[in-house]
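What follows is a short report on a single structure.
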Amino acid sequence: MAEVQVIIATLMRDTLFRTLDSLKRQTSKDFIITTYTGGMNEYDARNRASELADTELIAFIDDDAYVPEDYIEKGIKHFENREIMVLDTALEGAFFANYQNQWLRLDKPFLGVGTTLWVRRSAFNAVGKFKVDWGLGKKVSGWRSDTALLYDIIEKFGEKSYVHASDMVVYHPEVMKSKFVLEVEIEFYRKYKKYVDEYILPTDPRLQRIIEEYHLS
């Protein structure tokens, strides 16, 4: 049986073929791939796809990203430590629109950038998976649910359950298409204030402006 289930929530964009091609080139073949196109949003699609997994390890990857040949091999190696429940990686690409397609490296812990995220299925289920509507009772498309999952797992299992794998990298050559949704940002800050204050605000002035405008601090 494969050790890792790679889940790709996708709108069947052309970039998916590049993602799949990079996975076909992996040095480790101990994984299977599930693509999923349904659900209310990307996070609902990931949650639904996870129900099809029969592996303990799940790796979520966006359909507009791609990975080097040692991506799976290195990820499995990190999870040989049984304490590890969640893992994120470095990210390289031209993902910030205001940098005019400049190739950058984002390599900071506790950000939980969801272009890729690895979890143990048991921990993923234990914290209730990805947030889909943030309790707002309607369809939302914000992008904080990846980071929220990271913080939920740390809260439940402790900081030793998390590793930021700087030795792993995911490439994201295009500008990120995730949306900045005000209601999600407010709920994200209210629930994870202690983490946001320390790890998010120094790199995200947009959220700082919302905190000031809505008197959230």
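The values are calculated or read from the model by the stated rules, or taken from the named source; none is laboratory data. Because the structure is a prediction, the values reported are computed rather than measured. Counting neighbours? That spans all protein chains shown, and the Cβs are built from the backbone with ideal geometry, glycine included. Heads up: the accessible areas ignore ligands, DNA and RNA and are worked out on the full protein's heavy atoms, side chains in. Shrake-Rupley method; radii C 1.70, N 1.55, O 1.52, S 1.80 Å.
The residues of region 128-217 expose on average 51 square angstrom of accessible surface per residue, using a 1.4 Å probe on protein heavy atoms.
The long axis of helix 145-157 is offset from the longest Cα principal axis of the chain by roughly 80 degrees. Its Cα centre serving as origin, the chain has a Cβ charge dipole (Lys and Arg +1, Asp and Glu -1) of approximately 360 debye. Normalising the Debye intensity of region 9-58 to I(0), with uniform scatterers on Cα atoms only, and taking log10 at q = 0.22, 0.24, 0.31 Å⁻¹ returns -0.91, -1.02, -1.16.
Quick check on the chain: of the DSSP beta bridges with both residues there, what percent are antiparallel, nearest 5%?
On the way: 11 of 30 bridges.
Restricted to the chain, the bridges split so that about 35 percent are antiparallel.
Taking 1 over the mean of 1/r across every pair of different Cα atoms in region 106-217, what Kirkwood radius in Å do you get? Provide the component values of the computation, followed by the final result.
Numbers: mean 1/r = 0.0666 Å⁻¹.
The Cα-based Kirkwood calculation yields 15.0 Å.
Result for the chain in a Gaussian network model with C-alpha springs under 10 Å: among 14, 64, 146, the largest mean-square fluctuation is at 14. With R₀ fixed at 45 Å, the C-beta to C-beta distance from residue 190 to residue 29 puts the FRET efficiency at about 0.55. Remark: region 1-66 carries a charge dipole of roughly 220 debye about the Cα centre, counting +1 on each Lys and Arg Cβ and -1 on each Asp and Glu Cβ. The residue 141 and residue 201 beta-carbon pair, evaluated with R₀ = 22 Å, returns a calculated FRET efficiency of approximately 0.45.
In square angstrom, what is the accessible area per residue of region 1-80 with a 1.4 angstrom probe? Could you put the intermediate results ahead of the total?
Values: 3720 Å² over 80 residues.
So region 1-80 comes to 47 Å² accessible per residue, rounded to a whole number.
In loop segments of region 1-88 as defined by DSSP, the GluC sites (Glu not before Pro) with at most 16 further C-beta atoms inside 10 Å of their C-beta are 3, 51, 56, 69, 80, 83. Length available on full extension from residue 166 to residue 16: 0.36 nm per residue minus the Cα-Cα distance, which gives 51.6 nm. When a/c is below 1.5 the answer is rounded, else prolate if a/b is larger than b/c, else oblate, so apply that to region 63-168 with a ≥ b ≥ c taken from the square roots of the Cα gyration tensor eigenvalues. In terms of gyration-tensor shape, oblate. For the pair residue 82/residue 126, report the inter-label distance in nm, with labels modelled 7 Å from Cα in the Cβ direction. Simple spin-label model gives 1.3 nm for this pair. Scanning the chain for trypsin sites (Lys or Arg not before Pro) that sit in a DSSP loop and have at most 14 other Cβ atoms within 10 Å, the longest stretch containing none of them is 83-137.
Once the chain from residue 208 to residue 174 is taken as fully extended at 0.36 nm per residue, the excess over their C-alpha distance is 9.7 nm.
With unit charges on the beta carbons (Lys and Arg positive, Asp and Glu negative) and the dipole taken about the Cα centre of region 60-126, which residue among 95, 125, 76 sits farthest to the positive side? So the residue we want is 125.
Can you pull the percent of the chain's accessible area that's carbon plus sulfur, 1.4 Å probe, other chains left in place?
Values: 5220 of 10520 Å².
The computed percentage sits at 50.
Using a simple spin-label model with pseudo-atoms 7 Å out from Cα toward Cβ, residue 156 and residue 104 lie 3.2 nm apart. Between the alpha-carbon centres of region 179-217 and region 1-30 there is a gap of 33 Å. A straight line joining the Cα centroids of region 36-64 and region 66-143 runs 12 Å. In vacuo Debye scattering of region 108-152, one point per C-alpha: log10 I(q)/I(0) at q = 0.16, 0.27, 0.29 Å⁻¹? The Cα Debye sum returns log10 ratios of -0.44, -1.06, -1.14.
Which residue fluctuates most in the GNM of the chain (Cα springs below 10 Å): 75, 112, 38? Of 75, 112, 38, the most mobile in the Gaussian network model is 38.
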